[in-house]
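The values are calculated or read from the model by the stated rules, or taken from the named source; none is laboratory data. Everything numeric in this text was worked out from a predicted model, so none of it was measured. Glycine gets a Cβ as well: all are built from the backbone with ideal geometry, and neighbour counts include every protein chain shown.
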Amino acid sequence: MIKLGFVVAEFNRDITYQMEILGREHAEFLGAEVVATLHVPGVYDMPLAVKKLAAKEDVDAVVTIGCVIQGETGHDEIVAQQASRKIMDLALEFDKPVTLGISGPKMSRMDAHSRIDYSKRAVEAAVKMVKRLKGD
């Protein structure tokens, strides 16, 4: 069974809560198990938590779940770009899939609600990558 770690942002929790539930349901549907979950304040805070989970031997892949909504400045773009870049670096550092279930930037709250299923896509990508890297 594929074992997943979830890193979930609390910022915009009304949205990330729904994303987390969908992600867990989809993991179960795919026959994977969520063995660890770390909640972090926001997307920008994810890399350290990803690093902690990726270092665990009982975690095959890490799924990030978050939502970056556009504000009055370009802050949303900086947050999403920097977090996603570091998340990709950690996948390479730990030789494990780390998937991007983060919606945004440049989206409204309504856009965010319509993209809740991004977490399912991230879970599916994690499961596929683990299988493909193992040669299953």
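For every residue, the table says whether it meets (1) modelled with pLDDT under 95; (2) farther than 14 Å from Ala122 by Cβ.
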| residue | (1), (2) |
| --- | --- |
| Gly5 | no, no |
| Val40 | no, yes |
| Ala54 | no, yes |
| Asp58 | no, yes |
| Ile65 | no, no |
| Val79 | yes, yes |
| Ser84 | yes, no |
**Item:** Matching residues, region 61-75, being free of Cβ contacts under 8 Å to residues at least 12 places away in the same chain and within 20 Å of Ser114 (Cβ to Cβ)
**Value:** Gly71
**Request:** Check off (1) in contact (Cβ under 8 Å) with a residue 40 or more places away in the chain; (2) touching a Gly at 6+ places or on another chain (Cβ under 8 Å) for Val98 and give me the number that stays unchecked.
**Result:** (2)
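Looking only at region 50-57, decide whether some residue is out of contact with any Asp or Glu (no Cβ under 6 Å at 6 or more places or on another chain), of a type outside the set (Ser, Thr, Tyr) and over 17 Å from Gly5 (Cα atoms).
Residues of region 50-57 out of contact with any Asp or Glu (no Cβ under 6 Å at 6 or more places or on another chain): 50-57.
Next, only the ones that are of a type outside the set (Ser, Thr, Tyr) stay: 50-57.
After this cut, where a residue has to be over 17 Å from Gly5 (Cα atoms) as well, the list is none.
No: region 50-57 contains no residue that is out of contact with any Asp or Glu (no Cβ under 6 Å at 6 or more places or on another chain), of a type outside the set (Ser, Thr, Tyr) and over 17 Å from Gly5 (Cα atoms).
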